[in-house]
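Handing you a structure now.
The values are calculated or read from the model by the stated rules, or taken from the named source; none is laboratory data. All of these numbers come straight from a predicted model, not from anything done at the bench. Neighbour counts run over all protein chains shown; Cβ positions are idealised from the backbone, glycine included. Accessible surface is based on the protein model in full, side chains and every heavy atom, while ligands, DNA and RNA are left aside. Shrake-Rupley method; radii C 1.70, N 1.55, O 1.52, S 1.80 Å.
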Amino acid sequence: MSALITPELVALDTHLGTEPKDVIRHLAELVVAAGRATEFDSLYADALAREAKTATGIPGGLAIPHCRSTAVLEPTLALARLSTPVDFGSKDGPADLVFLIAAPDGADQEHLKILAKLARSLMKKDFTAALRSASTAEQIVELVNKVVAPAAVVAGAHASDNASDNANTGTGPAASGVKRIVAVTACPTGIAHTYMAADSLVAAAKAVGVDLQVETQGSAGLTPLDPAVIAAADAVIFAVDVDVRGRERFAGLPVINAPVKRGIDEPERLIEEALAAALNPNSRRVSGSADQSGASEEKSEHLGQKLKRALLTGVSYMIPFVAGGGLLIALDFLLGGYQITDVADKVVLDNSLFNLPDGGLLTYLGAVFFKIGQLSMGFLVPALAGYIAFAIADRPGIAPGFVAGAVAGFMDAGFLGGIVGGLLAGVVAASFAKLNVPRWLRSLMPVVIIPLIASIVASGLMFIVLGGPIALLTIGLGDWLTGMTGASAVILGVILGLMMAFDLGGPVNKVAYAFAVTGLGTATLANQAPWQIMAAVMAAGMVPPLAMALATVVDKKLFSVTERENGKAAWLLGASFITEGAIPFAAADVFRVIPAAMLGAAVTGGLSMAWNVTSQAPHGGVFVFFAIDNFWLFLLAIVIGTLVSAFAVVGLKRFAVRKRPVDAPEAALVNA
């Protein structure tokens, strides 16, 4: 295992600028110069992107900018001891000791454990005092090596203030009458803040005699808290910047939610808030299938926000069924010809590899692929409904949602019926989950009673009341849209293009996509309109990320270092039909990026429909060329739309609003 730090990676008592990016720039240059990273631009951009998420200054005059980066060859620590402290966002003032922790994107567990142990050591005053008093870079390296040389911290161990960092340790038994608290800490990279927050919380709890056990969900691994410890707890602290893994284990506990950095900066306050929540019967609690008397942990959402989240969840889980099934059907046409659909059932049932049908192996494989794809596509509406219900009611909603979706499919209510059925199932399941039932009945609620009742209510309403009208609406809408020809078809393509770029993977985008994929099953050689709609949707959805990637090449100075790095990835994301690849650009400049993206996507959608391009595949972009008829026209439509959007966003950035001057460090990077 290579040394984590060498003298070449240490800068002592130097002035590196007045802003965090100046210091990060210098430390990144040291890492690259030492041969520990392949590319400065990528490492610098990744470190700045991490800094933008959460300030990395911590109490004690310390800062720990850190990142994972594909440019890093091996885990590395670079240190700057500043003659002029720089403000990294800590409440107690600027930092004079700055550590850049650079980890490879796929760092192994042992390296990550060492980095985590180093981060925890920074919370010890004697260690930081020794770093400040060291007179040479070699002394700094020796001090760090003494810290990381002992056995690495156990993955996911409970935080403690002793050197062993053993799992399942904590503050020790609580005094009589004192509440017990559990906590989870986690940060986006899982290298530093995760473990430092854990140690800060444990130290604060020990100071007031509170029994606190912490589960660290970091990159060094995860050892879950003992269920008995959780069961005995009176409250839980989630000091996290990412989702908590296994959140349902804490269901029913009073909860304090906070950013992970607050666990470092204000551990005492978090302990106080957790103790107060434990005594308050109306405190916010972790949602789940356990006892949930009291307020729900989930933040109140507007109805529109709830519907958006549910729809996006349903479509996200539906896509794998659609993508796999659609590609298999496209492959079956490639192998067995378009007539294979007429004989596929008979071929699959009557033949095998040892008893091939007329047409030989390709015909047999074509029939097999068609049946697998057809069956996969059959889950489209049930999966959509099932996971919409899941987003509303968690696991108890899945079964009734799938059943309601199957009813919608049976009644030809299409994806509109699936959405309605999923919402019904989710609302009913969530309503019953809130009932305060006897303890002996609670274990049956999520696995038997709620799925049964929600299935009866939601599917019953679909059969008796809603299914018929929705089916009529779906069939009429589908006939009208797929019957469009000429100028009206072009208008449809423009509308679909605008929808695909409007929110870049959001609910409007997903409605357009769901409309396209649910129509694939009705397409035939005589009615190719659904295939045309699918091609228009896919082509238009590829334009925004491709356009942003091109724009970063056309005029680099208009984009930040991070955006230029995102632009490199956006080429592949766009070519693969992942519209979300443009989201980082829209998040930074929504009022110029979104209109430009919509303009190019509308052009592409209209051209695709005008040129009668068809796609039998629901996903994959240029990589499913074999399933796209008029492929070169498909590409041409994308290229034209990409050019329109790219030059539109460049023009808007140049002239629509006066652009602030590029700062000196980034300007130097552009010219490097």
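Give the ranking of 464, 578, 58 by solvent-accessible surface, highest area first, calculated with a 1.4 Å probe.
Heavy-atom accessible area, descending, gives 464, 578, 58.
Using only protein heavy atoms and a 1.4 Å probe, report how much of residue 443 is accessible, in Å² to the nearest 10.
That residue has around 80 Å² of solvent-accessible surface.
Applying 1/(1 + (r/R0)^6) with R0 = 41 Å to the Cβ-Cβ distance of residue 269 and residue 447, what FRET efficiency is obtained, to the nearest 0.05?
0.55
Follow-up. Under the classification rounded if a/c is under 1.5, otherwise prolate if a/b is larger than b/c and oblate if not, where does the range 218-287 fall, given a ≥ b ≥ c as square roots of the Cα gyration tensor eigenvalues?
Judged from the Cα gyration tensor, the range 218-287 comes out oblate (a/c at least 1.5, b/c at or above a/b).
Which entries of 91/117; 206/261; 346/371 have Cα-Cα distances beyond 22 Å here?
Listed pairs above 22 Å: 91/117.
Let me cross-check residue 266: its accessible surface, 1.4 Å probe, with only protein heavy atoms counted, in Å² to the nearest 10?
For residue 266, the solvent-accessible surface is approximately 40 Å².
Which order do 30, 82 take when ranked by solvent-accessible area (1.4 Å probe, heavy atoms of all protein chains), largest first?
Reading off the accessible areas and sorting them downward yields 30, 82.
How many angstrom separate the Cα center of the range 587-607 from the Cα center of the range 412-435?
So the separation of the two Cα centres works out to 34 Å.
Taking only protein heavy atoms and a 1.4 Å probe, what accessible area per residue, in Å², does the range 494-606 have with all protein chains in place?
32 Å²
According to a simple spin-label model (label point 7 Å from Cα along Cα-to-Cβ), what is the distance in nm between residue 223 and residue 257?
The two pseudo-label positions are separated by 3.0 nm.
Keeping all protein chains in the complex and leaving out DNA, RNA and ligands, what accessible area do you get for residue 598 with a 1.4 Å probe, in Å² to the nearest 10?
40 Å²
Using a 1.4 angstrom probe on the protein heavy atoms only, could you order 361, 349, 496 from most to least accessible area?
My answer, sorted largest first, is 349, 361, 496.
Does the range 1-46 come out rounded, prolate or oblate by the C-alpha gyration tensor, with a ≥ b ≥ c the root eigenvalues, rounded set by a/c under 1.5 and, if not, prolate when a/b is larger than b/c and oblate if not?
Oblate, since a/c reaches 1.5 and b/c is not below a/b.
Still on this structure, I have one more. Classify the range 1-144 from the C-alpha gyration tensor, please: rounded if a/c falls under 1.5, else prolate or oblate depending on whether a/b exceeds b/c.
In terms of gyration-tensor shape, rounded.
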